[in-house]
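Enquirer: Handing you a structure now.
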Amino acid sequence: MKPAITYELIKECPHTHARAGRIHTPHGTFDTPIFMPVGTQATVKTMAPEELKAMGAGIILSNTYHLFLRPGAALVKEAGGLHKFMNWDRAILTDSGGFQVFSLGDLRKITEEGVTFRSHIDGSKKFLSPEIATKTQMDLGADIIMAFDECVPYPADFKYTHESMELTLRWAQRCKDTMTSPNQGLFGIVQGGMYKDLRIECANRLVDMDFPGYAVGGLSVGEPKELMYDMLDITLEHLPKNKARYLMGVGTPDCLAEGVMRGIDMFDCVYPTRVARNGTAMTWNGRLVMKNAQYEHDFRPIDENCDCYACRNYSRAYIRHLVRVNEIFGLHLLTIHNLHFLINFMKKMREAILNDSFPEFYHRFTANFSFNAK
Ligand SMILES: O=c1[nH]cnc2c(CCNCC3CCCCC3)c3[nH]c(NCc4cccs4)nc3cc12
Ligand SMILES: [Zn+2]
């Protein structure tokens, strides 16, 4: 039987691991490398699906933790699934909910069975397990379902990291055993912290379980970037090239370029939408904090070379005004620009790979890249 999610390699960049590809899903095909806008509560904040399509978004993320709590997967299922509920007919990836639960800190208790935690909404006791997380994502109707894993915090000692990795592998098998729908694909998530031999072992044992795609987890959790890149190198060496690779929680443009260079196909991060809501615009020459007085009489667009709706129709002065008086339209315009910026950045890297100029693109970008991404 044909798997629901398949990766098609289009072109590899010689002398690097960068690659251009396509991912086929029951809700359409999208080009890779790709940045996936984050839609935590069944919406990419302030964005209409038509706007996301217009800027070329082929897949969006939604968040099982939040939907599990509100409105509950049963309601979404009753509505016909997430695609129908949020009127999005392209691909959707949901995370397992594990990451949010683990970041709740003391409000949660981990056992072999799963994780007990208190809802951040009303403090009521909740329980998530590999089976519940997988069934919830199946009910939500996501095309790509993420395994229920433990993202090991940074730093963590070898013993904790090893035991956690073994738990994540047992949980991955339980998720796989729960998958019954032929139209949804389950991605395994590689853990192993910052220990090379654990990363290699985890990747190999997940590949033995044969998933349609693999995520690199446990990174971008506060470790130095060089360490992240080292762990990325060693993990990707042990993942098959004919499957999609997803680097979770990354990231800023410099990390996206480094990830593409190493052979990552899919990225997600809350960054562009979150900084937009903080009134900040992302540009090639750094971030513009729109509230700054320097933009009061600045009637240029955010970025003169950007062809997004915001830059084609509005000035920095206007957006600064909207942000200062807390007009929601201001956040909407900044979200449009920041998402367009990142989606466009991925498109440019893909084109560079296809026309054999990715190394030059990478060096030019890395040399000029100025915005001090945190
Ligand atoms: O091992 C992991 N397993 C599972 N998820 C991870 C995530 C969440 C990815 N974004 C989910 C989205 C689903 C839809 C809603 C929004 C999130 C990570 N995010 C980061 N760094 C960025 C970080 C963000 C916050 C603290 S670190 N590292 C991550 C590592 C893992
Ligand atoms: Zn723009």
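The values are calculated or read from the model by the stated rules, or taken from the named source; none is laboratory data. Model, not experiment: these values are computed from the prediction. Positions of Cβ are generated from backbone atoms using ideal geometry, with glycine treated the same way; all protein chains shown enter the neighbour counts. SASA here: full protein model, heavy atoms, side chains in, ligands and nucleic acids out. Shrake-Rupley method; radii C 1.70, N 1.55, O 1.52, S 1.80 Å.
Enquirer: In the range 135-169, which residue that is among the charged types (D, E, K, R) and over 22 Å from Asn63 (Cβ atoms) is least open to solvent (accessible area, probe 1.4 Å)?
Expert: Checked the range 135-169; the qualifying residue least open to solvent (accessible area, probe 1.4 Å) is Glu166.
Enquirer: Pick from the range 109-125 the residues that are in contact with a strand residue (DSSP E or B) (Cβ under 9 Å, 6 or more places away or on another chain) and open to solvent by 70 Å² or more (accessible area, probe 1.4 Å): which of them is farthest from ligand 1 (Cβ to nearest atom)?
Expert: Ranking the qualifying residues of the range 109-125, first place goes to Lys125.
Enquirer: Separate question: Would you confirm whether or not the range 326-333 contains a residue that is surrounded by 20 or more Cβ atoms within 10 Å (Cβ to Cβ) and within 9 Å of ligand 2 (Cβ to nearest atom)?
Expert: So far as the range 326-333 goes, yes, one or more of its residues are surrounded by 20 or more Cβ atoms within 10 Å (Cβ to Cβ) and within 9 Å of ligand 2 (Cβ to nearest atom).
Enquirer: State all residues of the range 306-325 that are surrounded by 17 or more Cβ atoms within 10 Å (Cβ to Cβ) and touching a residue at least 60 places away in the same chain (Cβ under 8 Å); if no residue qualifies, say none.
Expert: The one that is surrounded by 17 or more Cβ atoms within 10 Å (Cβ to Cβ) and touching a residue at least 60 places away in the same chain (Cβ under 8 Å): Cys308.
Enquirer: Which of the residues spanning the range 133-182 are aromatic (Phe, Trp, Tyr), part of a helix (DSSP H, G or I) and within 16 Å of ligand 1 (Cβ to nearest atom)?
Expert: Passing the criteria: Tyr160, Trp171.
Enquirer: Counting only residues that are assigned to a loop (DSSP other than H, G, I, E, B) and over 14 Å from Cys175 (Cα atoms), which one in the range 108-132 is modelled with the highest pLDDT?
Expert: Top of the filtered list is Thr111.
Enquirer: Return yes or no: is Arg245 more than 17 Å from Met36 (Cβ to Cβ) and open to solvent by less than 40 Å² (accessible area, probe 1.4 Å)?
Expert: For Arg245, the condition - more than 17 Å from Met36 (Cβ to Cβ) and open to solvent by less than 40 Å² (accessible area, probe 1.4 Å) - is not met.
Enquirer: Now for a different question. Among the numbered criteria (1) on the phi > 0 side of the Ramachandran plot; (2) within 16 Å of ligand 1 (Cβ to nearest atom); (3) surrounded by fewer than 20 Cβ atoms within 10 Å (Cβ to Cβ), which one does His15 miss?
Expert: (2)
Enquirer: Please state which of the following conditions Gly105 fails to meet, knowing it meets all the rest: (1) at pLDDT below 95; (2) in contact with a Leu (Cβ under 6 Å, 6 or more places away or on another chain).
Expert: If we test Gly105 against (1) at pLDDT below 95; (2) in contact with a Leu (Cβ under 6 Å, 6 or more places away or on another chain), just (2) comes out false.
Enquirer: Related question: Suppose we keep only residues that are surrounded by fewer than 18 Cβ atoms within 10 Å (Cβ to Cβ), under 26 Å from the mean Cα position of the chain (by Cα) and within 15 Å of ligand 2 (Cβ to nearest atom) within the range 281-304. Which one would you say is modelled with the lowest pLDDT?
Expert: Looking at residues that are surrounded by fewer than 18 Cβ atoms within 10 Å (Cβ to Cβ), under 26 Å from the mean Cα position of the chain (by Cα) and within 15 Å of ligand 2 (Cβ to nearest atom), I get Asn285.
Enquirer: Given the condition closer than 18 Å to Gly259 by Cα, in a helix (DSSP H, G or I), among the hydrophobic types (A, V, I, L, M, F, W, C) and modelled with pLDDT of 95 or more, answer yes or no: does some residue in the range 214-229 qualify?
Expert: There is at least one residue in the range 214-229 that is closer than 18 Å to Gly259 by Cα, in a helix (DSSP H, G or I), among the hydrophobic types (A, V, I, L, M, F, W, C) and modelled with pLDDT of 95 or more.
Enquirer: Residues Glu258, Glu351: which one is more than 15 Å from ligand 2 (Cβ to nearest atom), surrounded by fewer than 20 Cβ atoms within 10 Å (Cβ to Cβ) and in a helix (DSSP H, G or I)?
Expert: On inspection, the qualifying residue turns out to be Glu351.
Enquirer: A further question on this structure: Of all residues in the range 27-66, which are of a type in the set (A, V, I, L, M, F, W, C), more than 14 Å from the chain's Cα centre (by Cα) and either more than 16 Å from ligand 1 (Cβ to nearest atom) or at pLDDT 95 or above (or both)?
Expert: The answer is Phe30, Met47, Ala48, Leu52, Ala54, Met55.
Enquirer: Please give the number of the condition Ala276 fails out of (1) more than 16 Å from ligand 1 (Cβ to nearest atom); (2) among the aliphatic types (A, V, I, L, M); (3) closer than 26 Å to Asp31 by Cβ; (4) crowded, with 22+ Cβ neighbours inside 10 Å.
Expert: Unmet condition: (1).
Enquirer: Then there is this: Return the residues of the range 82-100 that are buried (at least 21 other Cβ atoms within 10 Å of the Cβ) and assigned to a loop (DSSP other than H, G, I, E, B); say none if nothing qualifies.
Expert: Trp88, Ser96, Gly97
Enquirer: Now a separate question. Return the only residue of Asn338, Asn344, Asn326 being in contact with a helix residue (DSSP H, G or I) (Cβ under 9 Å, 6 or more places away or on another chain) and either of a type in the set (S, T, N, Q) or modelled with pLDDT under 95 (or both).
Expert: Answer to the selection: Asn338.
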